[in-house]
Each structure stands twice: as structure tokens, then as C-alpha cells.
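Accompanying notes for the structure given below.
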Amino acid sequence: MPEKSYDHRLIEPKWQRRWEEHNYFKAVEDPSRPKFYVLEMLPYPSGTLHVGHIRNYTIGDALARYKMMQGYNVLHPMGWDAFGLPAENAAIAAGVHPRKWTLDNIAYMKEQHRRYGFSYDWDREISTCEPEYYRWNQWFFLKMYERGLAYRKEALVNWCPECATVLANEQVINGCCWRHETTPVEQRALEQWFLRITAYADRLLEDMKELEGGWPERVLTMQRNWIGRSEGTEVEFPVVDSDEKITIFTTRVDTIFGATCVLLAPEHPLTRKLVPAEQAPEIKRMIDERKRRGPEDLEKEGLFTGRYALNPYNGERLPVWVANFVLMEYGTGAIMAVPAHDQRDFEFCKKYGIPIRPVIRPVDGPLPDPATMEEAYTPDGVCENSGEFSGLPSAEARKRMTEKAQREGFGRFAVSYRLKDWGISRQRYWGTPIPIIYCPDCGIVPVPEDQLPVLLPLNVRITGRGRSPLEQVPEFVNVNCYRCGKPARRETDTMDTFVDSSWYFYRYCDPHNDKAPFDPEKIAYWFPIDQYIGGVEHAILHLIYSRFFTKVMYDLGLVKHKEPAKRLFTQGMVVKDGAKMSKSKGNVVSADYMAERYGTDTARLFALFAAPPEKDLDWQDQGVEGIYRFIGRLYRFVTRNADRIRGVTPQGPQNDADRRALRKLHQTVKRITDDFETRWHFNTSIAAIMELLNELTALEGQLSASALAEILEKMILVLGPFAPYLAEELWEEIGRQGPVFRQSWPSYDPELAKEELVEVVIQIDGRVRSRLRVAAGTSREELERLGLEDERVRQLLDGKQVARVIVVPDKLVNIVTR
């Protein structure tokens with residue numbers, strides 16, 4: 001009888017239909033069972049999935065299936081981050097409405113997800129562009145507005161003078177508008193809406209202790225740096241011949257007697273007041289140039305305002321300059337320049353001939369000589385030429401100087417954050433309308449909750465010119481005031497799409513609730529998320545914003561936890577031809593191509609096998625071919641032995657071949673179980689299944705039906721999370737009932753799973769000096785390391801030089817000396 005061949009085109013659709021007909025992945029709250037909420041970051045519906053996406057979803061799906069087999073009640077949902085700029089760009093380029101473009105893409109990508117058989121509960125699907133979802137964005141905004149967490153202020157935006165429109169950061173290419181490469185982008189001030197995330201800065205830092213051990217330290221470090229908490233002193237410098245005061249923040253008030261000028265950011269509100277009108281174009285040029293090139297790439301430039309401010313500690317008149325390297329986003333947007341003790345100040349003041357005055361000396365050395373200084377002296381030391389504070393160590397001087405400022409009313413202890421409030425206004429169409437109206441009599445008026453959602457109108461014309469397209473829809477803009485009934489105007493800005501993705505994982509728990517964003521009891525069952533999976537590029541925006549939203553919900557009494565996710569995993573990128581896989585680079589491998597040519601299980605297995613999931617994966621076509629051949633070998637081995645084990649109950653080993661194969665089986669089950677429970681090195685899990693198949697093939701014909709029954713059962717079960725279609729087909733082939741992921745995860749015998757040990761002799765220059773007991777198959781590199789670290793060998797090698805090490809695996813390590 002000819003061998004069966006594996007045909008993914010028949011097998012995969014068969015099992016996809018069967019799973020969907022039985023709705024196997026539907027999740028229901030069940031307090032009698034332990035829960036496990038596993039989640040991959042929801043995708044933007046850009047049009048099609050490539051294998052970079054597939055890797056991310058495969059990691060989550062493998063974990064979900066493993067947890068199902070362990071008896072957990074698993075929630076594994078999927079949805080769409082559906083608002084955003086690309087839909088508007090498509091409308092401009094192709095004349096298709098953003099909603100149609102988005103929904104068409106969602107339909108196509110959902111079909112791709114279904115084809116890959118990911119274990120999603122599609123009954124919980126959400127799309128953030130639907131009113132049923134974004135009404136709750138608006139509801140959260142109103143709750144924040146009530147608490148003073150949503151407010152409006154003037155802020156700078158990117159402006160294209162030719163299009164007469166606001167540009168998103170992504171639309172600024174090399175400092176110019178994306179539509180015309182020669183039109184420089186300008187900065188303009190517009191009224192914008194902000195969320196007061198800074199009110200939660202300390203809690204965002206403090207609660208990180210709950211995440212330690214569960215989140216990558218790299219991500220926590222990035223968040224700490226992004227929040228950027230600094231303790232220091234705020235000091236007011238009165239402007240001469242003016243009622244204005246320049247407030248600066250410094251962490252080094254001990255150096256203030258060395259200040260030789262005061263520097264303002266170009267965007268600082270006082271800049272416009274202090275700079276003469278004829279110099280305003282130069283200030284605008286500074287702002288636009290910095291936006292185009294970034295502050296790190298700019299040569300330091302300054303403009304003297306002609307004004308002076310007084311150092312409150314000694315009454316010295318200091319010139320006030322505007323400097324392009326001073327950031328409005330840090331501190332107060334103004335600094336005292338102390339060139340002797342800050343490198344950036346040193347470079348700026350050297351360029352413009354501003355005096356350099358050292359006031360800190362090393363503890364065991366003299367004060368630096370400004371005439372010979374080639375760089376700033378930045379460490380702490382001892383204060384000199386600092387009035388009553390001379391002779392004090394820097395730390396003590398900072399304490400006493402701050403106390404003096406507070407006592408005399410010109411300063412105070414202060415905490416500054418790099419984190420700034422979250423600007424959520426977007427002058428775009430395809431986003432959540434901000435639920436605010438403007439009444440000439442009543443001012444800013446929030447939309448009443450019973451009037452939500454404020455619907456996004458569909459009858460818009462998107463040209464990419466002018467301000468928001470919503471301004472051109474009179475029936476949207478014109479509204480009667482909810483308080484006085486007089487004509488009013490609706491807000492035409494829409495929300496940053498990061499708002500949509502800051503709480504979507506809560507909506508999955510109660511996606512059809514039309515009375516509230518979710519039922520707190522359902523949240524109490526499912527939350528926190530047990531495992532969140534996504535790219536490290538989201539570490540400092542999405543992941544901080546989502547933590548902020550959770551803390552707001554906690555304060556609203558909606559949730560009982562302070563952090564949304566216990567554990568976070570950041571997968572590596574998929575690289576092809578030396579670059580990250582992306583449409584713009586033309587190196588995308590389509591998920592559809594993989595499914596059609598090789599089958600989705602091949603794509604899954606290769607995505608997990610080619611590299612540990614936290615590392616970048618180099619996509620190699622020959623590697624895919626190798627996985628496809630492995631699937632074929634495994635399928636043929638099982639199907640040609642299936643008849644032998646139907647109806648057979650495992651009864652332990654019957655001969656030496658059984659014992660050898662069962663040892664390998666139990667080692668394989670242990671390795672895969674350990675991989676799931678610890679490091680997620682699924683590449684070694686799949687390698688273990690390959691090694692097991694090699695062992696079985698070598699012993700084929702010698703194995704008893706009893707041993708083969710146990711081996712094939714457990715091998716198929718551990719294969720299930722990685723290649724679910726193949727596993728289901730093989731499970732049916734051997735006569736077993738029920739879906740694989742509804743079976744119990746196989747156990748292993750710890751004694752059988754122990755590695756077989758061999759004795760390895762260690763020689764020095766051909767003479768036996770020691771012996772090692774190691775697992776059979778230990779690598780050459782590991783044997784060399786163990787041999788050189790052996791205590792007796794180290795003593796004998798003392799004073800000798802190792803010329804080379806000869807390793808014979810499982811037998812010998814010979815260390816040759818000079």
C-alpha cells in the first residue's frame with residue numbers, strides 16, 4: 001500500500017471548518033476554573049498580513065493552546081486598531097472612503113487569521129472605528145474632563161504652508177511635507193486637547209515594582225527614562241525693567257554662582273515677549289529648523305534678546321539668550337547656563353564669548369582654570385566663589401541653597417519630569433470625535449453622556465488640504481448648546497489613535513455592552529492580562545498610555561488592579577535580505593503565499609524554529625523548505641504506523657528499543673514543558689520533536705505497539721501548540737477522539753526524562769588528570785568549558801599556557817599546553 005503524502009491544501013481547511021463549526025475557542029467566565037488571558041497587540045488593518053505578523057500571533061497561539069491543555073479557561077481575543085492616518089492617505093490617493101478601505105482590509109486580514117487557525121474567540125472581536133467602541137473613548141474623555149485630567153491649551157503643530165494643513169509627524173519627511181519634497185514644514189501654535197498623564201507620573205514609576213520579573217527590564221528602563229523623574233530646584237530670575245520672571249529648573253543649584261547667562265527655549269512664552277519684533281523671524285526659523293532636523297543634529301545657535309535677568313542669590317545681571325538646544329519639553333523650558341560645569345553650556349558659551357566661571361572644585365584639587373579648560377567639569381565637588389556656601393560639598397550646598405530659595409520666596413524644591421502631558425488632538429478625519437462643543441456664551445461645554453456617541457459623519461471630502469475635513473461638514477459642526485440652547489460649534493479635532501489602543505483589552509471582556517465600557521465583574525475575573533505579547537517599539541507610548549488608562553480606571557472604581565498586564569513579552573523582528581520586513585523595503589513574504597505554497601503549519605513552525613522568539617529572525621527560504629520536508633516525514637511516519645496502535649493501550653517498554661525511544665520521548669516532553677514554563681525557546685522545542693522523529697525512524701520495526709502507542713500519542717499532543725492542523729490530522733489518523741487542544745498536556749516520568757550520562761576523560765598533554773559525568777551529546781564548546789573549569793585541572797594548569805584543546809564528544813577532552 002503506497003504511503004500517504006501530506007496535502008496541506010486538503011487537511012488545513014478541513015480542521016479550520018471543524019473548529020469553527022463547534023466554536024471551540026469561545027471563552028466564558030467560569031469561576032470554578034483557573035483563567036489565563038493571553039493577548040497579542042491588536043493590528044492596524046493595513047491590508048494584508050506578512051510572516052512578520054504571523055510570528056507574533058503564532059507565539060501567542062502556541063501559549064494559548066498549551067494553557068488550554070493544562071486545563072486553564074483561556075481568553076484569546078483579536079480585534080482591529082482601525083482608526084488612523086493611512087486610511088486618509090488612501091482616500092486621497094485612490095478616492096476610496098476611509099471606512100470602506102478600513103473595513104475591506106479588516107475582512108481580508110480576518111480571513112487570513114482564520115486560515116492560519118489561530119485560537120481566537122471571534123465572538124469578542126472589536127474594531128475601534130465602530131461607534132459601539134469609540135463612544136466609550138468619548139465617555140472616558142468626559143470622565144477625565146470632569147476630574148481636570150483633560151484640558152485645552154496652545155501647542156505647536158507641523159504646518160505645511162502649501163497644503164495649508166496640519167501634518168502628522170509621519171507626514172514630515174526630511175523636514176518637508178510628504179506631498180512636495182521642497183516645501184519646508186513650519187511650526188504653528190493651535191489650541192489642542194491634552195490628557196494630564198503627568199498627574200500619574202509618580203504612580204507610573206512606583207507601580208513598576210509590580211512588573212519587575214514579569215516585564216523585560218529593558219522596557220521598564222525605557223519607561224523610567226521616558227518619565228524621567230528629576231529632583232532639583234526651581235529658581236526665579238527677575239527680568240530687569242520688567243514684571244516678568246524666568247523660572248528655571250536645575251538639578252545642580254550648587255553651581256548657580258557660576259551662571260553667566262539665562263537661556264530660553266525658542267518656544268518659551270517669554271521668548272515672544274522679550275525678543276524684539278524684528279528678530280521674530282529668526283526665532284521662527286530656529287523652531288522650524290529644529291523640528292526638521294531634531295535637536296541632536298543641530299549646531300548650537302543662540303540669539304541675544306537684549307534683556308537681562310537677576311541671579312537671586314547674588315544680584316548679578318545675566319544676559320538672556322534664546323538657544324536652539326534648550327527644550328520646552330524639559331523642566332520649565334528655561335535654564336541657567338553654567339558653562340564651567342555643563343558641557344552643552346560650555347560649548348554654547350565658548351561659541352558666543354560668554355564668560356566661563358568655575359565654582360566647583362574637586363574634593364582633593366584646585367578650582368579649574370577657565371583659561372585652560374577644554375571641557376566642563378561636571379562631577380560633584382566643593383563649592384568655591386559661592387558666597388556663604390563656599391566650602392560646602394555639592395550635596396550639602398544643594399540642600400542649603402534650596403532652603404534659602406524657599407525661605408526667601410524666590411524658589412523651591414521641585415520634581416521635574418521628562419514626561420509631558422499627552423496631546424491627543426489630531427486635525428484629521430479618521431478618528432474618534434472629541435465630545436466637546438464651543439458656545440459663545442457658555443464657553444467649553446462637554447457633550448452629555450446620554451448624547452454619546454458623537455458620530456463621525458460619512459459625507460466628508462478628504463483632500464489633504466486645509467484643517468480637519470470635519471470643518472467642512474456643517475451638519476456636524478453646527479449644534480445647539482447643551483446648556484443654553486443657542487447656536488454653538490462642535491470640536492472638529494479627533495483623538496490620537498493611541499487612545500483607542502489604551503484600553504481595548506478591557507473591551508474584549510465585555511464587547512457587546514451598550515450600557516458601560518465593560519462590566520467590572522467580568523474584568524475582575526479575567527484581569528490582569530496574564531501574558532501580553534508585542535514589539536518593543538511600543539515600550540514608551542502604547543504601554544505607558546495603557547498603564548495610565550488603567551490607573552484612571554482604578555480611580556474611577558471600574559477596576560481593582562493597578563497594572564493591566566502581569567507579564568510582557570517583546571518578540572524580535574523578522575528580517576529578510578538584511579532589513580526588517582516591510583512593504584516599503586519590498587522584502588515582504590506574504591502570509592497568503594506561505595499558506596498556499598507550504599501550508600500555515602509550515603509558516604508557524606519556521607517562525608518558531610528559526611530563532612528564539614525574543615531574537616530577530618532571519619527569514620531564509622531554504623529553511624522553510626526544510627520545515628516542509630520535516631512535516632512530510634512526520635506525517636508519513638505516523639500514518640504508516642497508525643494501524644499498529646489503534647486500540648492499543650500503552651503498557652510500558654517491552655524491549656531495549658522501547659526503552660531507548662521512551663527515554664527520548666519523556667526527555668522531549670520535559671524539554672517542551674520547561675520551554676513553555678520558563679524561557680519560551682520554542683526553537684529548541686521543535687528541535688526536540690525533530691530529534692525524537694529521527695530516533696523513531698532509526699528504531700522503526702523494533703518498537704512494540706505498546707511503546708509506539710504512548711510515543712505517538714504524546715508526540716502529537718506536544719506538537720499541537722506549534723502545528724495544530726497537522727496534530728489534529730495525526731490524532732484522527734491514530735484513532736483518537738476529540739480536538740488535540742482539549743486533551744490534557746502529557747506528563748513525563750522524571751526518571752525516564754533524566755539525560756543519559758557518559759564519562760568523559762580529561763587529559764593534560766595526554767595524561768589523564770580528571771573525569772566528567774555529563775549528558776550524552778554535550779556540545780564540544782560545553783565540554784571544553786567544563787574541562788577547563790574542573791577544579792583539579794585548574795590547579796594543574798596554574799602557571800601554564802594552554803595552546804589548544806582537543807575534544808572528542810562523549811569521550812575525551814585533551815588540553816595541550818606550551
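Within the accessible area of region 540-601, what % is carbon and sulfur when the probe is 1.4 Å and the other protein chains stay in place?
In region 540-601, the share of accessible area belonging to carbon and sulfur is 52 percent.
Quick one: Karplus J couplings for region 210-222, per residue in order, coefficients 6.51, -1.76, 1.60, θ = phi - 60°, nearest Hz, x for Gly and Pro?
Each residue of region 210-222 in turn: 6, 9, 4, x, x, 10, x, 4, 4, 5, 4, 5, 4 Hz.
FRET efficiency for Gln737 and Thr697, Cβ-Cβ distance as r, R0 = 30 Å, nearest 0.05?
0.65
Restricting attention to the alpha-carbon atoms of region 444-517, what are Rg (one decimal) and Dmax (integer), both in Å?
15.2, 41
What base-10 log of the normalised intensity I(q)/I(0) is obtained for region 335-455 from the Debye formula, alpha carbons as equal point scatterers, at q = 0.14, 0.22 Å⁻¹?
-0.74, -1.31
Enter the angle in degrees (range 0 to 90, nearest 10) between the Cα long axis of helix 394-408 and the first principal axis of the Cα atoms of the chain, meaning the one along which they spread out most.
The answer is roughly 50 degrees.
Find the eigenvalues of the gyration tensor of the Cα atoms of region 120-245, then list the square roots of 5 times those eigenvalues as equivalent ellipsoid semi-axes, largest first, in whole angstrom.
Each semi-axis is √(5λ); the values are 32, 29, 20 Å.
Quick one: divide the alpha-carbon radius of gyration of region 1-68 by 2.2 N^0.38 Å and tell me what you get.
Compared with the compact-globule rule of thumb, region 1-68 sits at 1.49.
Accessible area per residue of region 24-87 at 1.4 Å probe, in Å²?
I get 24 Å² per residue for this part.
Treating only the Cβ of Lys, Arg, Asp and Glu as charged (+1, +1, -1, -1), what charge dipole size does region 593-657 show about its Cα centre? Round to the nearest 20 debye.
Computed charge dipole of region 593-657: roughly 420 debye.
How much length is gained if the chain between Arg633 and Lys209 is pulled fully straight, taking 0.36 nm per residue apart and subtracting their Cα-Cα distance, in nm to one decimal?
Additional length available on full extension: 147.8 nm.
Can you work out the Karplus-derived ³J(HN,Hα) for every residue in region 75-83? Use 6.51 cos²θ - 1.76 cosθ + 1.60 with θ = phi - 60°, whole Hz, and x for glycine or proline.
Values per residue, Gly and Pro as x: 9, 9, x, 8, x, 9, 7, 9, 7 Hz.
Could you pull out every one of the lysines with an alpha carbon less than 26 Å from that of Lys399, ignoring same-chain neighbours closer than 8 positions?
Cross-link targets: Lys245.
On a 0 to 90 degree scale, rounded to 10, what angle separates helix 542-556 from the longest Cα axis of the chain?
80
Farthest toward the dipole's positive end in region 349-428, which of Pro370, Ser386, Gln406, given Cβ charges of +1 (Lys, Arg) and -1 (Asp, Glu) about the Cα centre?
Value computed over the given set: Gln406.
Quick one: which residues, 5 or more positions from Phe569 or on another chain, have an amide H under 5 Å from its amide H? H modelled 1.01 Å from N in the peptide plane, none for Pro or chain starts.
Tyr532, Ile533, Gly534
If one takes the longest principal axis of the Cα atoms in the chain, at what angle in degrees, from 0 to 90 and to the nearest 10, does the Cα axis of helix 51-69 lie?
Result, in degrees: 60.
Could you tell me how far the Cα centroid of region 693-755 sits from the Cα centroid of region 283-359, in Å?
Here the answer is 70 Å between Cα centres.
I'd like to check one number: the per residue accessible area of region 513-622, probe 1.4 Å, reported in Å² as a whole number.
39
Enumerate the aspartates and glutamates that Lys522 could reach by cross-link, defined here as Cα to Cα under 12 Å, with residues fewer than 8 away along the same chain left out.
Glu29, Asp30, Asp510
Regarding region 238-390, what are the three Cα extents along the principal axes, ordered largest first, in Å?
48, 36, 25
Count charges around Arg490 for me, please; just the other residues with Cβ under 13 Å from its Cβ, Lys/Arg as +1, Asp/Glu as -1.
Combined, the nearby Lys, Arg, Asp and Glu give -3.
Given charges of +1 on the Cβ of Lys and Arg and -1 on the Cβ of Asp and Glu, with all other atoms neutral, how large is the dipole of region 701-770 about its Cα centre, in debye to the nearest 20?
Using Cβ point charges on Lys, Arg, Asp and Glu, region 701-770 gives about 200 debye.
What spacing in nm lies between the two simple spin-label points modelled at Ile540 and Arg147, each 7 Å away from Cα in the Cβ direction?
Once both label points are built, they end up 2.6 nm from each other.
Using the crude model of +1 on Lys and Arg Cβ and -1 on Asp and Glu Cβ, and no other charge, please compute the dipole size for region 697-818 relative to its Cα centre, in debye to 20.
Dipole magnitude for region 697-818 comes out near 900 debye.
Rounded to the nearest percent, how much of the accessible area of region 686-762 (1.4 Å probe, protein heavy atoms only) is carbon and sulfur?
Looking at region 686-762 in its full context, I get 47 percent from C and S.
Can you compute the helix-only [θ] at 222 nm over the chain? Use -39500 (n - 2.57) per DSSP H run of at least 4 residues, normalise by all residues, nearest 500 deg cm²/dmol.
Taken over the chain, the calculation gives -11500 deg cm²/dmol.
To the nearest whole percent, what portion of all C-alpha pairs in the chain is separated by more than 50 angstrom?
For the chain, the share of Cα pairs beyond 50 Å comes to 36 percent.
How are the alpha carbon pair distances in region 465-580 distributed across 10 Å bins from zero to the largest one, expressed in percent?
The distribution over region 465-580 is 11, 29, 24, 23, 11, 2, 0, given as percents.
Give the percent of DSSP beta bridges with both residues in the chain that are antiparallel, rounded to the nearest 5.
Bridges in the chain that DSSP calls antiparallel: roughly 75 percent.
Give the Kirkwood hydrodynamic radius (Å, one decimal) of region 598-741, defined as one over the mean of 1/r across all pairs of different Cα atoms.
Answer for region 598-741: a Kirkwood hydrodynamic radius of 15.5 Å.
Using a 1.4 angstrom probe on the protein heavy atoms only, could you order Val808, Val28, Val575, Val38 from most to least accessible area?
Val28, Val808, Val575, Val38
Quick check: at a probe of 1.4 Å, how many percent of the accessible area of region 101-251 sits on carbon and sulfur atoms?
Percent of accessible area from carbon and sulfur atoms in region 101-251: 45.
Send over a whole-number figure in Å² for the accessible area per residue of region 639-698, probe 1.4 Å.
45
Put +1 on the Cβ of every Lys and Arg and -1 on every Asp and Glu Cβ in region 583-702; which of Leu693, Ala603, His681 then has its Cα farthest towards the positive end of the dipole?
Working it through, the farthest residue towards the positive pole turns out to be Leu693.
Of the listed pairs Lys67/Lys585; Lys420/Lys551; Lys14/Lys576; Lys273/Lys404; Lys566/Lys670; Lys143/Lys560, which have alpha-carbon separations greater than 27 Å here?
Beyond 27 Å: Lys67/Lys585; Lys14/Lys576; Lys273/Lys404.
Where does the charge balance sit around Ile689 when Lys and Arg score +1, Asp and Glu -1, over other residues with C-beta under 12 Å from its C-beta?
+1
Give me Rg over Rh for region 110-152, both radii from the alpha carbons and Rh done the Kirkwood way, two decimal places.
Rounded to two decimals, Rg over Rh is 1.26.
The values are calculated or read from the model by the stated rules, or taken from the named source; none is laboratory data. Being a predicted model, the structure only gives us computed values, none of them experimental. Here the Cβ is made from the backbone with ideal geometry for all residues, glycine too, and neighbour counts use every protein chain on show. Ligands, DNA and RNA are stripped out before the accessible areas are found, and what is left, the full protein with its side chains, is counted by its heavy atoms. Shrake-Rupley method; radii C 1.70, N 1.55, O 1.52, S 1.80 Å.
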